[in-house]
Each structure stands twice: as C-alpha cells, then as structure tokens.
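Novice: What follows is a structure written as structure tokens; I'll ask about it next.
The values are calculated or read from the model by the stated rules, or taken from the named source; none is laboratory data. Since the structure is predicted, the reported quantities are computational estimates derived from the model, not experimental observations. Backbone-built Cβ (ideal geometry, glycine too); neighbour counts: all protein chains shown. Remember, those area values only see protein heavy atoms, side chains included, never the ligands or the DNA or RNA. Shrake-Rupley method; radii C 1.70, N 1.55, O 1.52, S 1.80 Å.
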Amino acid sequence: QVQLVESGGGLVQAGGSLRLSCAASTRTFSSYCMGWLRQAPGKGREFVAALSRSGDITHYADSVKGRFTISRDNAKNTVSLQMNSLKPEDTADYYCAAVETVEVPTTPGAYTTWGQGTEVTVSS
C-alpha cells in the first residue's frame with residue numbers, strides 16, 4: 001500500500017514555471033509506476049505524465065511535451081513535475097498517482113492510488 005501527498009501548487013503567470021512534488025509513504029516505492037494527472041474545472045481527469053519504476057521510461061501528453069518534465073528519486077520516495085512555459089489552459093487540480101505495473105500507464109483509470117491533489121492556476 002502507498003499513501004501520496006502532493007505539494008507545490010499555486011498561482012503563476014503565463015510563461016512562468018512551477019515545480020510540483022509528491023511524497024510517497026511506502027516501503028516499496030520502486031515497485032510503482034508513478035504518474036501526474038490533472039482535472040480542469042468542469043472536466044474529467046486527463047493524463048499529463050508518467051514514468052517507469054526505475055525512472056528510465058517517461059511518457060507525456062502531447063499538450064505538455066517539451067514544457068513539462070517528470071522525474072523521481074527512489075532514495076527519497078518522491079516524484080516531481082517540473083512545469084515550464086505555463087499556459088492558462090494548464091490551470092487544473094494536479095494529482096499524483098501510483099500503480100504496481102511494469103508497463104507505464106497513460107490513462108487515469110489505470111492508477112490504483114491517488115493523492116489529494118494540489119491546485120495550479122495560471123493567469124494571463
């Protein structure tokens with residue numbers, strides 16, 4: 001079992017940067033693929049980024065490629081999302097999620113454990 005807590009959300013101007021962090025409470029963090037997903041107001045949750053158990057393989061939604069970077073530190077039980085060149089359409093609640101799979105999921109429904117979310121607002 002794993003518990004996830006996100007932090008780092010806030011209000012930023014378009015073109016700015018923000019770094020989200022997720023702290024995992026588990027004895028087997030390296031057994032989980034980790035992902036970041038988001039939900040904009042009035043919309044469903046969508047995939048943003050994910051990486052493999054070792055961090056060697058990463059996947060990104062087309063909308064964030066070249067702007068966002070996902071990474072993990074298995075020694076510290078953390079996963080991060082570096083967000084650069086932020087746009088107003090990036091405004092959403094961002095969630096850290098985990099699943100014990102070998103393949104890296106790119107759909108929200110594949111993840112079995114979710115954090116509470118952290119709000120990101122990008123102003124024009």
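Novice: Can you spot a residue in segment 86-103 that is out of contact with any Pro (no Cβ under 9 Å at 6 or more places or on another chain), surrounded by fewer than 15 Cβ atoms within 10 Å (Cβ to Cβ), modelled with pLDDT of 95 or more and assigned to a strand (DSSP E or B)?
Specialist: There is no residue in segment 86-103 that is out of contact with any Pro (no Cβ under 9 Å at 6 or more places or on another chain), surrounded by fewer than 15 Cβ atoms within 10 Å (Cβ to Cβ), modelled with pLDDT of 95 or more and assigned to a strand (DSSP E or B).
Novice: Which strands (runs of 3 or more DSSP E) sit wholly inside segment 1-59 and have at least 3 residues that are buried (at least 20 other Cβ atoms within 10 Å of the Cβ) and in contact (Cβ under 8 Å) with a residue 24 or more places away in the chain? Steps first, please.
Specialist: Values: elements: 3-7, 10-13, 18-25, 33-39, 45-51.
Per the criteria, 18-25, 33-39, 45-51.
Novice: Would you please name the residue that is surrounded by the most Cβ atoms within 10 Å (Cβ to Cβ), looking only at residues in segment 104-124 that are closer than 17 Å to residue 21 by Cβ and polar (S, T, N, Q)?
Specialist: Narrowing segment 104-124 to residues closer than 17 Å to residue 21 by Cβ: 113-120.
Applying the additional criterion that residues be polar (S, T, N, Q) yields 113, 116, 118.
Details: 113: 16, 116: 11, 118: 21.
Once the filter is applied, the top-ranked residue is 118.
Novice: Now for a separate question. Are there any pairs with C-beta distances below 7 angstrom linking a residue in segment 91-107 that is farther than 23 Å from residue 10 by Cβ to a residue that is aromatic (Phe, Trp, Tyr) and surrounded by 18 or more Cβ atoms within 10 Å (Cβ to Cβ), with the two at least 6 apart or on different chains, and if so which?
Specialist: Final answer for the pair search is 98/32; 98/111; 99/32; 99/111; 100/32; 105/111; 106/47; 107/47.
Novice: Further, regarding this structure: Counting just the residues of segment 73-85 that are within 20 Å of residue 112 (Cα to Cα) and touching a helix residue (DSSP H, G or I) at 6+ places or on another chain (Cβ under 8 Å), which one comes out surrounded by the fewest Cβ atoms within 10 Å (Cβ to Cβ)?
Specialist: Going through segment 73-85, the residues within 20 Å of residue 112 (Cα to Cα) turn out to be 74, 77-81.
The next check asks that each one be touching a helix residue (DSSP H, G or I) at 6+ places or on another chain (Cβ under 8 Å); those that pass are 74, 77.
Numbers: 74: 16, 77: 19.
Looking at the filtered set, the residue picked out is 74.
Novice: Can I ask one more? Looking at (1) open to solvent by 40 Å² or more (accessible area, probe 1.4 Å); (2) charged (D, E, K, R); (3) more than 13 Å from the chain's Cα centre (by Cα), find the lone condition where residue 67 falls short.
Specialist: Here residue 67 clears every test but (1).
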